[in-house]
Amino acid sequence: MRRSQMLLPTLREDPKDAEIASHILMMRAGIIRKLDAGLYTFLPLGHRVLLKVINIIREEMNRAGAQELLPPILIPASLWRESGRYDIMGKEMMRLQDRHENDMVLGPTHEEVFTHIVRENVQSYRDLPLNLYQINTKFRDEIRPRYGVMRCREFIMKDAYSFDIDEAGLEKNYQAMREAYRRIFARCGLEVVPVQADTGNMGGSNSEEFMVPSSVGEETIIHCRSCGYVANVERAESKREFSSSSKSMLPLEEIATPNVRTIEELVAFLKVSVDRFIKSLVYKTDKGFVLVLIRGDFMVNETKLKHVLECVELEQASEEEVLQITGAPIGFVSPVNLKQKIKIVADESIPFMRNAISGANKKDYHLKNINPERDFVWDVVADIHEVVEGEKCPTCGEVLRSYKGIEVGHIFKLGYKYTEAMNVRVLDKNGQSITPIMGCYGIGVGRTIASVIEQNHDENGIIWPMSIAPFHGIIVPVNMSDSRTVEAAEKLYQQLSRRFEILLDDRDERPGVKFKDADLIGIPIRITIGKSFAEEQKVELKLRRLEEKHLVPLEEVEKVFE
Ligand code: ATP
Ligand code: MG
Ligand code: MG
Ligand code: MG
């Protein structure tokens with residue numbers, strides 16, 4: 001694609017009505033535009049991302065044995081009356097009448113429609129199990145549409161509905177979806193935590209939400225770091241496992257010092273208590289050096305942290321020692337060579353080591369471009385992690401903590417609610433008529449994309465994971481009035497485009513403008529054709545997520561993409 005021909009309106013300024021990073025960046029990078037409250041257009045760049053995410057979802061759903069179909073969005077109210085939901089759905093459901101004054105609904109969810117399809121087309125146990133899905137538009141007249149495509153009134157959802165002859169079958173379908181969801185989000189470069197969710201009056205422990213830990217999330221997740229208990233707050237409350245009336249935040253000193261006595265406890269502490277700013281310290285253990293990259297937030301400063309580390313009797317490494325381990329002065333250790341070096345010192349048998357990563361330990365020398373969710377994984381990535389005072393874990397009695405999350409997916413064992421209400425019957429092996437059991441499974445496509453941006457951006461813009469990037473690479477010819485540059489750019493564009501998705505920034509703009517735009521829209525690989533090309537036939541290669549630039553001969557560029 002040629003940039004000069006693309007509808008890609010990037011913005012220099014943050015739009016006034018956008019509050020969170022993903023919304024701001026989706027607007028600034030020309031990914032979405034607002035039509036009205038909660039109604040957004042995906043512009044061409046955004047549409048490419050949308051299709052990639054849809055494609056990943058589709059592949060994984062098909063891999064799990066689900067079948068795609070495409071029902072209408074406009075649904076006769078009669079189906080909703082049958083299930084008994086027409087009157088209880090409230091104002092979130094968009095209602096209208098057709099020309100014959102029939103009541104109609106714009107589907108906010110599709111249990112009724114899929115149940116109807118199965119009722120009409122399935123007669124015998126031989127036709128089951130079935131897991132049917134659509135990737136389609138949903139309408140919900142949200143009371144507070146906000147945060148761009150995170151919560152809008154019209155959005156694309158993947159929703160699947162499974163039908164089985166018995167609970168064992170449902171369990172199998174449910175587990176297959178659970179696994180598919182893990183794969184889908186991992187392939188999108190998104191870190192999610194499956195969380196036990198409230199099943200309302202359905203009962204049972206059979207609903208999980210896939211949460212993206214994030215301070216902008218609207219959900220509250222309750223977590224026990226001792227035994228791994230994790231639930232959304234509604235579930236924790238409804239099961240009477242817990243009441244949130246006395247939620248409050250303890251000052252850090254009170255949490256940290258008395259609890260942290262061993263390396264294991266320190267790991268637990270580091271994993272859950274800090275965020276936002278990257279602090280890093282190198283420490284010695286009896287197994288060697290440990291490089292710790294710490295996410296610090298307003299509650300944690302370096303002094304407090306050192307105090308905690310001293311509790312486990314670790315000695316901080318000197319600058320020379322750090323140089324020795326990493327082979328680079330502290331300030332110049334890049335995430336990539338860092339990862340390689342970590343392998344040398346990491347000892348998987350120590351839990352502390354498992355998550356240990358390093359950075360600089362000197363003021364103003366902190367590593368740039370490290371993104372904790374992307375470059376390494378915490379067991380729990382918590383943006384805001386509060387101790388829930390006065391409440392103990394229902395499983396092990398330890399202190400409970402809470403943090404915020406974004407619900408990107410939801411899997412649910414529905415039971416017989418819809419099949420019974422809508423009278424779906426099939427014949428079992430013995431010729432007896434039975435009611436199939438259902439499950440449903442949803443993913444918000446736009447919300448997934450916004451969440452990926454929440455987890456993958458820096459001050460200059462989006463940093464797309466390759467798997468869902470709108471383009472794999474961008475070619476930036478620096479001087480458009482130099483015919484050799486233009487010619488080389490054109491040739492490279494033709495060559496790479498045969499195998500990869502490439503954007504050629506062929507605009508007659510200043511290089512600064514082009515670079516800023518390339519960073520903003522977050523293309524993973526940037527190839528600059530500038531001075532070194534004229535001098536030595538080399539182009540400059542830069543990965544969006546790293547600082548370093550490399551000069552490579554023109555012929556070798558293609559290898560980088562492989
Ligand atoms: P929420 O609690 O955020 O209102 P929900 O529980 O009502 O979401 P579900 O009915 O479980 O949503 O739908 C499945 C998925 O659809 C959600 O996990 C989310 O990713 C997405 N989704 C739901 N509502 C919206 C919306 N208004 N805008 C964008 N995506 C949405
Ligand atoms: Mg909702
Ligand atoms: Mg919800
Ligand atoms: Mg939900």
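Quick note: the coordinates plus some simple rules give every number you see, no bench work behind them. All values derive from a computational prediction rather than experimental measurement. With ideal geometry, Cβ positions are generated from the backbone for all residues, glycine too; neighbour counts draw on all protein chains shown.
The table for this structure:
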quantity	calculated
Size of electric dipole in segment 1-132: Cβ of Lys, Arg +1 and of Asp, Glu -1, about Cα centre, debye, nearest 20	760 debye
Long-range HN-HN contacts of E219 with modeled amide H, under 5 Å	G405, E407
Where labels lie 7 Å past Cα in the beta-carbon direction, separation of V560 and L427 in nm	6.6 nm
Backbone N under 20 Å from the S215 label point (7 Å along Cα→Cβ), restricted to segment 157-194	191-193
P(r) histogram, all alpha-carbon pairs of segment 26-79 included - 5 Å bins from 0, percent	4, 15, 14, 15, 17, 17, 13, 4, 0
Ranked list, fewest to most other Cβ atoms within 10 Å of each Cβ, for K531, K413	K531, K413
Using θ = phi - 60° and Karplus 6.51 cos²θ - 1.76 cosθ + 1.60, couplings along segment 148-161 (whole Hz; Gly, Pro as x)	x, 7, 5, 9, 10, 8, 10, 8, 9, 10, 9, 10, 10, 9
Taking I221, I523 and counting other C-beta atoms within 10 Å, the order from fewest to most	I221, I523
Burial ranking of peptide ranges 550-558, 147-155 (average Cβ count within 10 Å, highest at the top)	147-155, 550-558
Cβ-Cβ FRET estimate between I143 and L96, R0 fixed at 22 Å, reported to 0.05	0.70
Simple spin-label estimate for N460 and E547 in nanometres, 7 Å along Cα-Cβ	1.1 nm
Entries of K138/K516; K158/K417; K158/K549; K138/K413; K91/K172; K392/K417 with Cα pairs more than 30 Å apart	K138/K516; K158/K549; K91/K172; K392/K417
Qualifying GluC sites (Glu not before Pro) for segment 42-102 [loop in DSSP, other Cβ within 10 Å: at most 15]	E101
Exposure proxy order (Cβ contacts within 10 Å, fewest to most) of I135, I449, I434	I434, I135, I449
Neighbour-limited loop hits for GluC sites (Glu not before Pro), segment 462-552 (at most 14 other Cβ within 10 Å; DSSP other than H, G, I, E, B)	E547, E548
Extension reserve of the E536-D166 stretch, reckoned as 0.36 nm per residue once the Cα distance is removed	126.2 nm
5 Å-binned pair-distance histogram of segment 385-519 (Cα, whole percent)	2, 8, 9, 9, 9, 9, 9, 8, 7, 8, 7, 6, 5, 3, 1, 0, 0
In order through segment 12-18: 3J(HN,Hα) via Karplus (6.51 cos²θ - 1.76 cosθ + 1.60), integer Hz, x for Gly, Pro	7, 9, 6, x, 5, 8, 9
